Amino acid sequence: QVQVVESGGGLVQAGGSLRLSCSVSGSTFKYSVAGWYRQAPGKARELVANVSPLGNPTYGDSVKGRFTISRDNAKNTVDLQMNSLKPEDTGVYYCRSVYTQSSDFWGPGTQVTVSS
C-alpha cells in the first residue's frame, strides 16, 4: 500500500513564504502524476498544482506566479514552494499521487494558515 505523508504546514503572515514537502512510498511514484490540493473551510477541494512524471507543472489560476511545484523521482518527493502568501491561501493542503484510476493516493493533509 502506498503511503503519502505531508509536512511543512504552519502559520505565516501575509506576504510570507512556506515550503510543503510530500513523501510517497512505493516504486510507481516516478510514473505518477503528483500534486497538491487544498480545502478551505466551507469550500470544495481545489487543485493548487500538479506535476507530470517528466516534470511538467500545472497550476491553479489563483497561485500562478506565486507557487512553484517540483518533484524528485529519486527521493519520491514532491514539494510546493509558496511565496507571497495571502489570507485566502489558508486551508488544509493535501498531497496526491496518481498512477492509475485505482492507484490514487492522498495524504492526511497539513494545515496552512495565513494571517492578515
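The table that follows gives values for the structure above.
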{"item": "Scope segment 1-10; condition over 13 Å from residue 93 (Cα atoms) and open to solvent by 60 Å² or more (accessible area, probe 1.4 Å); matching residues", "result": "1, 3"}
{"item": "Selection from segment 99-112 of residues that are buried (at least 16 other Cβ atoms within 10 Å of the Cβ), in contact with a strand residue (DSSP E or B) (Cβ under 6 Å, 6 or more places away or on another chain) and either among the acidic types (Asp, Glu) or assigned to a strand (DSSP E or B) (or both)", "result": "105, 110, 112"}
{"item": "Residue count, segment 69-93 (criterion: open to solvent by 50 Å² or more (accessible area, probe 1.4 Å) and closer than 22 Å to residue 44 by Cα)", "result": "3"}
{"item": "Strands (runs of 3 or more DSSP E) wholly inside segment 19-82 containing at least 3 residues that are of a type outside the set (S, T, N, Q)", "result": "33-39, 46-51, 67-72, 77-82"}
{"item": "Subset of segment 92-111 (residues that are in contact (Cβ under 8 Å) with a residue 40 or more places away in the chain and more than 12 Å from the chain's Cα centre (by Cα))", "result": "98, 99, 103, 105"}
{"item": "Test: residue in segment 15-38 that is without any contact (Cβ under 8 Å) to a residue 24 or more places away in the chain, of a type in the set (S, T, N, Q) and over 24 Å from residue 103 (Cβ atoms)", "result": "no"}
{"item": "Of all residues making up segment 1-18, the number that are in contact with a strand residue (DSSP E or B) (Cβ under 7 Å, 6 or more places away or on another chain), outside any strand (DSSP E or B) and either closer than 30 Å to residue 116 by Cβ or modelled with pLDDT of 95 or more (or both)", "result": "4"}
{"item": "Residue within segment 40-53 that is closer than 20 Å to residue 112 by Cα, touching a residue at least 24 places away in the same chain (Cβ under 8 Å), open to solvent by 40 Å² or more (accessible area, probe 1.4 Å) and under 14 Å from the mean Cα position of the chain (by Cα) present", "result": "yes"}
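The values are calculated or read from the model by the stated rules, or taken from the named source; none is laboratory data. Note that this is a predicted model, so its numbers are computed, not measured. Neighbour counts run over all protein chains shown; Cβ positions are idealised from the backbone, glycine included. Accessible surface is based on the protein model in full, side chains and every heavy atom, while ligands, DNA and RNA are left aside. Shrake-Rupley method; radii C 1.70, N 1.55, O 1.52, S 1.80 Å.
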